[in-house]
1. By how many nm would the segment from residue 65 to residue 77 lengthen if fully extended, with 0.36 nm per residue of separation less the alpha-carbon distance?
2. Keeping every protein chain present and rolling a 1.4 Å probe, give me the accessible area per residue for segment 43-154 in Å².
3. Once fully extended, how much extra length lies between residue 40 and residue 107, figured as 0.36 nm per residue of separation less the alpha-carbon to alpha-carbon distance?
4. Where in segment 119-145 does the label zone of residue 88 land, with the point 7 angstrom along Cα→C-beta and an amide N cut-off under 20 Å?
5. Can you give the FRET efficiency to the nearest 0.05 for residue 97 and residue 141, using r as the Cβ-Cβ distance and R₀ = 25 Å?
Amino acid sequence: MQNSVNTEPEPEPEPEPEPEPEPETEPAAAGPNETYGVRLGTSFTANPNGMGVTTLIPVQAKWPVGGQLTGGIIETVEPIGFDGLYQSFFDMLTLTLKIKFFNSATSDPYSVANAVSANNAITGTVDWIDIAYFSDGSYTLKLDGTSIDVDGVSYSEANAP
């Protein structure tokens, strides 16, 4: 009887795979600020004070919860379809009262501005809030001319944190 001895070397353990490198963090995409911002919302139809059905475009803003909106400037590339009648009205289609921040605003063909006392400020919710309505049309906000004033500080795309 022959004693067999295994002369084959023991297999070496397979090397453990090298860990994959951690992906590099990508910079935030350019675009609206996550905390402060102004944008044009989706158009809708309304019947302000029973004067007839019309299409309106909401101008919306957002700022931190609890922050107090006391002013703002909206500037566009195209002439603005801004009508004070559309800033405070009873909508006969939805049976709701709509009073917007820019209710007592001053406007020229390309911009509209408003400021209120702290007692009349709008408190932020971090959600987009309708602050004004434009007449139906095509508008482009000028980011360097559009800003909101929150808690005494003016924020635009250029200086928002």
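1. Here the segment from residue 65 to residue 77 would lengthen by 1.3 nm.
2. Solvent-accessible surface per residue comes out at 48 Å².
3. 22.4 nm
4. Residues 119-123, 130-135 qualify, since their backbone N sits under 20 Å from the label point.
5. So the FRET efficiency works out to roughly 0.40.
The values are calculated or read from the model by the stated rules, or taken from the named source; none is laboratory data. Since the model is a prediction, treat every value here as computed from it, not as a measurement. Neighbour counts are summed over all protein chains in view; Cβ atoms, including those assigned to glycine, are modelled from backbone coordinates with ideal geometry. Accessible surface is based on the protein model in full, side chains and every heavy atom, while ligands, DNA and RNA are left aside. Shrake-Rupley method; radii C 1.70, N 1.55, O 1.52, S 1.80 Å.
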